[in-house]
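*Asks:* Structure provided below as structure tokens; questions to follow.
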Amino acid sequence: RGSRRRRAASPARLPSPRARPTREPAGVSSLRRPARRRSAPARLARWSCAPRAAIRPPPRKEEFSNATKMRSEAQAPFRVARMFLFGAFGANATLGFGIATLQAVTKALGAPNGPPLDQSLSNLGINLACALFFGFLYKRDADGRDKQMARISREERLSNLKCELAGGKVVSLYDLRGFSRVVVAAGDVEYCSAAIETAEALRDPLVERGVLLVPVVITDDGGISGNTLLPQVTDADRKFRASPVSVEKWRRWLDEQKKEAGVAEGKGVYVGLRMDGRVRSSGVGVPPWDRFAVELPPTDSWGGVMDGFDGRVGVDT
């Protein structure tokens, strides 16, 4: 009986509020519903479907090493000072142009205390002309600096290329600075053979002038099979000929030069260096050995580093 009394005395259990969901208007339930977020794989899939051209990073500007910048400043010592002065004068003229423009506009609108309109227009024209003039001078020096550093960078990459001498010693073109005037003849087997044959006729005067021929055969297979068809380098060619090492690296450098100079594929080209490693001359066809033998000074004479068949190579300004 006691248990029955306790059951009767206990209050009746009410259903949970969750069991009786209240019906809301159609518009209210849709507004309260949180936004459905995409999963990480879905977001990745959506970005992967985007065109690659839209997400491709912009091309990076060519960066030069500190050694290249130092060589550029050494070859053109006054360029930095000129660019600073041109930039300062151009900024001053631009500021004056802005002030003259405001004075002319305020006077045209009827400002009583403004300077005369003709004076403001005269100042405006003078400042505009000065800003354009100094901007042109600054841009010319900046473009010349970029071209010079690009040339120095190419010469540095060329100096890292290696060749094998007659005794089997492998050296880089940088190691030959001060000893030889390297002439690179690059093309097919017929072109390289013709370059060697024409140079053989003037071997003694070319050796006296420190000319070292490096024939590089460029074929579809990288020149590996073509270089074996050339005459082998003997002990008699110690100061006259050398064989290229890692022909693929030579080919990449030469292809870059051809593309920049607009030379068609398949044409033989030559590149002549000075004793300090700078490019003295280049062209299409067989190197002019006869001019080398006549106009290049002997290596043991004074001033042979500065003079050449293409004239004196001065310092860039």
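The values are calculated or read from the model by the stated rules, or taken from the named source; none is laboratory data. The structure presented is a predicted model; accordingly, all values stated were derived computationally and were not measured. Using ideal geometry, Cβ is built from the backbone for each residue, glycine included, and neighbour counts are taken over all protein chains shown. Ligands, DNA and RNA are stripped out before the accessible areas are found, and what is left, the full protein with its side chains, is counted by its heavy atoms. Shrake-Rupley method; radii C 1.70, N 1.55, O 1.52, S 1.80 Å.
*Asks:* Mind listing which GluC sites (Glu not before Pro) in segment 235-304 are in a DSSP loop and have 15 or fewer other Cβ atoms within 10 Å?
*Replies:* Details: sites: Glu248, Glu256, Glu260, Glu265, Glu295; in loops: Glu265.
Passing sites in segment 235-304 are Glu265.
*Asks:* Sequence-distant or interchain residues sharing an amide H contact under 5 Å with Ser281, placed H: which?
*Replies:* Sorted by chain and number, the residues that satisfy this are Gly272.
*Asks:* Could you tell me the accessible area of Thr94 in Å² (1.4 Å probe, neighbours in place), rounded to the nearest ten?
*Replies:* 80
*Asks:* So which lysines pass the test for Lys169, namely a Cα distance under 16 Å, with those fewer than 8 places away in the same chain ruled out?
*Replies:* Excluding near neighbours in sequence, the set is Lys239.
*Asks:* When we measure straight from the Cα of Lys69, which aspartates and glutamates land under 18 angstrom away, once same-chain ones fewer than 8 places off are left out?
*Replies:* Asp141, Asp143, Asp146, Glu155, Glu156, Asp276, Asp316
*Asks:* Under the Karplus relation 6.51 cos²θ - 1.76 cosθ + 1.60, θ = phi - 60°, what is the ordered set of whole-Hz ³J(HN,Hα) values for segment 170-179, x standing for Gly and Pro?
*Replies:* Values per residue, Gly and Pro as x: 9, 10, 8, 5, 5, 5, 8, 5, x, 10 Hz.
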